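J.: Take this structure, written in structure tokens, and hold onto it; I'll ask about it next.
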Amino acid sequence: APHSCSPSKHAIFQARTHTPPRLIRLIVLLPPPQTTLHKMWRALTKPRLAMMAAGFATGALIVTGSNAHADDALHAPSYPWEHNKMNKGLDMKSVRRGYEVYKGVCAQCHSIKLIAYRNFVDQIATEDEAKEWAAEVEITDGPDDTGEMFERPGKLADYIPSPYANDNAARAANAGALPPDLSLIKKARHGGEDYLFALLTGYRDPPAGISLREGLYYNPYFPGGAIGMPQPLFEGMVDYEDGTESSVSQMAKDVSTFLTWVAEPEFNERKRMGWNALFVLALAAIPSLYFKRMKWSVLKTRAIRFTKM
């Protein structure tokens, strides 16, 4: 008969009645013989434990490496952005100025593939203005009746085109570096708009003892301090439609605000919905608390006495 995992009560009883006291302790405490099930369980468990240990070690190395990589750059300071306040939204005038900066400066190398011209309507432009902006670009469409591709003016439904035909063309034009798409750059970088503003205004001469190879520029807010993008903003390089002075800090603030909106076009609407939800919950809390007090007041004030029969 196969051995069980623990000695039966009958076996212990027999051991206690027919064996000396010293042997009773040995019989009860000795583990049962290994069965085929035990051997299979151990064979399956050992590799899993080894894989788990290797996974934990790999995760620790990744976390350590990422922390070391993050420490290579100067952390961006925390700026007092108005839209980060609980009761404030994005300044849409600043968002529109930021689009002017993107269009005149950033769009030469970077794309925002997730934004279509229709997203501008009733946000930073009227419908006619958005149509006019879209018509300024040529969109490759087709094929036509003859099977050929053709160029046409842009429409509201078109997404903002990339400055390069493909990634290889982008790398060839930028000494092997691929300019990132800016659609979600605010969420993809630690610090968000703080990092973007600090990076755009952080270009300076390298300190003594640091030499950069040709084609790199010093920026302490970029990991490693050496960035392939030259300083993009200079005083007065953009003429704002509303007459705002185009200083470097003003342009950096506006384009950072614009990229915050690009990452979350529903930013202001989300905050409005949140406030509406809090208002409704506050109204519902009043009758809920009153009903709870009236419903349970009888039970809370009830006294229970036990008497002998």
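J.: How much space per residue, in cubic angstrom, does the convex hull of the C-alpha atoms of the stretch 150-309 take up?
T.: Details: hull volume 55.7 nm³, N = 160.
Taking the convex hull of the Cα positions in the stretch 150-309, it is 348 Å³ per residue.
J.: Something else: Using the Karplus equation 6.51 cos²θ - 1.76 cosθ + 1.60 (θ = phi - 60°), what ³J(HN,Hα) coupling, rounded to whole Hz, does each residue of the stretch 112-125 give in order, writing x for Gly and Pro?
T.: Per residue, the Karplus-derived 3J(HN,Hα) values read 10, 5, 8, 10, 9, 5, 5, 5, 6, 5, 6, 10, 10, 7 Hz.
J.: Could you derive backbone 3J(HN,Hα) for the stretch 259-265 from the dihedral phi with the Karplus parameters 6.51, -1.76 and 1.60 (θ = phi - 60°), listing whole Hz in sequence and x where the residue is Gly or Pro?
T.: For the stretch 259-265, the Karplus curve yields 5, 5, 5, 4, 5, 9, x Hz.
J.: Under a plain spin-label model, where a point goes 7 Å from the Cα along Cα-to-Cβ, how far apart in nm are SER211 and ASN166?
T.: 3.9
J.: Based on Cβ point charges of +1 for Lys and Arg and -1 for Asp and Glu, what charge dipole magnitude is obtained for the stretch 188-252 about its Cα centre, in debye rounded to the nearest 20?
T.: On the way: 3 positive and 9 negative charges, 104 e Å.
Rounded to the nearest 20 debye, it is 500 debye.
J.: Using a 1.4 angstrom probe on the protein heavy atoms only, could you order THR260, THR244, THR307, THR126 from most to least accessible area?
T.: Working: THR260 0, THR244 45, THR307 110, THR126 75 Å².
Descending accessible area places them as THR307, THR126, THR244, THR260.
J.: Could you give me the ³J(HN,Hα) list for the stretch 286-300, computed from phi with Karplus coefficients 6.51, -1.76, 1.60 and θ = phi - 60°, whole Hz, x at Gly and Pro?
T.: 3J(HN,Hα) across the stretch 286-300, in whole Hz: 5, x, 5, 5, 5, 5, 4, 5, 5, 6, 9, 4, 5, 6, 5.
J.: Whose amide H sits under 5 Å from the amide H of ALA226, counting only residues 5 or more places off or on another chain, with H placed in the peptide plane?
T.: Distant-sequence amide H within range of ALA226: ASN219.
J.: Going down the list LYS113/LYS187; LYS113/LYS155; LYS85/LYS186; LYS155/LYS271, which pairs span over 22 Å between their C-alpha atoms? Don't jump to the answer; show the numbers that get you there.
T.: Working: LYS113/LYS187 15 Å; LYS113/LYS155 15 Å; LYS85/LYS186 17 Å; LYS155/LYS271 30 Å.
Where the Cα-Cα span goes over 22 Å, the pairs concerned are LYS155/LYS271.
J.: Near LYS292, which lysines are there with a Cα under 24 Å away, not counting those fewer than 8 places off in the same chain?
T.: LYS300
J.: Answer rounded, prolate or oblate for the stretch 115-193, using the Cα gyration tensor with square roots of eigenvalues a ≥ b ≥ c: rounded when a/c is under 1.5, else prolate when a/b is larger than b/c, else oblate. Display every interim value, and only then the final one.
T.: Values: a/c = 2.84, a/b = 1.15, b/c = 2.48.
Taking the square roots of the gyration eigenvalues as a ≥ b ≥ c, the stretch 115-193 is oblate.
J.: Between ASP239 and ARG305, what is 0.36 nm times their sequence separation minus the Cα-Cα distance? Round to one decimal in nm.
T.: Working: separation 66, 0.36 × 66 = 23.76 nm, distance 8.50 nm.
Additional length available on full extension: 15.3 nm.
J.: Another question about this same structure. If packing is taken as the average count of other Cβ atoms within 10 Å, what order do 141-149, 97-105 fall into, highest mean first? Write out the running numbers ahead of the final one.
T.: Numbers: 141-149: 8.9, 97-105: 21.7.
Order by mean packing, descending: 97-105, 141-149.
J.: Which residues among the stretch 269-284 fall inside the zone where the amide N is under 19 Å from a point 7 Å beyond the Cα of PHE291, along Cα→Cβ?
T.: The answer is 278-284, whose backbone nitrogens lie closer than 19 Å to the label point.
J.: Sort largest first and round to whole Å: the equivalent ellipsoid semi-axes of the stretch 245-309, each the square root of five times a Cα gyration tensor eigenvalue.
T.: Numbers: eigenvalues 685, 32, 18 Å².
Each semi-axis is the square root of five times an eigenvalue, giving 59, 13, 9 Å.
J.: Hey, another quick one. Arrange the peptides 204-216, 170-182 so that the one whose residues have, on average, the most other Cβ atoms within 10 Å appears first. Could you put the intermediate results ahead of the total?
T.: Working: 204-216: 9.7, 170-182: 15.0.
Packing order, densest peptide first, comes out as 170-182, 204-216.
J.: At 1.4 Å probe size, what's the solvent-accessible area of TRP261? Round to the nearest 10 Å².
T.: About 0 Å², rounded to the nearest 10.
J.: Classify the stretch 77-235: rounded, prolate or oblate, from the alpha-carbon gyration tensor (a ≥ b ≥ c, eigenvalue square roots; a/c under 1.5 rounded; otherwise prolate if a/b is larger than b/c)?
T.: oblate
J.: Residues of the stretch 222-266 with backbone nitrogen within less than 11 Å of a virtual label 7 Å along the Cα-to-Cβ line of GLU129, please, listed as ranges.
T.: Residues passing the 11 Å test: 241-242.
J.: While we're here: Under unit Cβ charges (Lys, Arg +1; Asp, Glu -1), what dipole magnitude, rounded to 20 debye, does the stretch 157-269 have relative to its Cα centre? Can you show the working numbers first?
T.: Numbers: 7 positive and 16 negative charges, 145 e Å.
That gives a dipole near 700 debye.
J.: Probe radius 1.4 Å, ligands and nucleic acids ignored: give me the carbon and sulfur share of the accessible area of the stretch 147-204 as a rounded percent.
T.: Values: 1800 of 3270 Å².
Answer for the stretch 147-204 is 55 percent, counting heavy atoms of protein chains only.
The values are calculated or read from the model by the stated rules, or taken from the named source; none is laboratory data. Keep in mind that what you see is a predicted model, and the values were worked out from it rather than measured. Virtual Cβ from ideal backbone geometry, glycine too; neighbours counted across all protein chains shown. The area values use the complete protein model at the heavy-atom level, side chains included, leaving out ligands, DNA and RNA. Shrake-Rupley method; radii C 1.70, N 1.55, O 1.52, S 1.80 Å.
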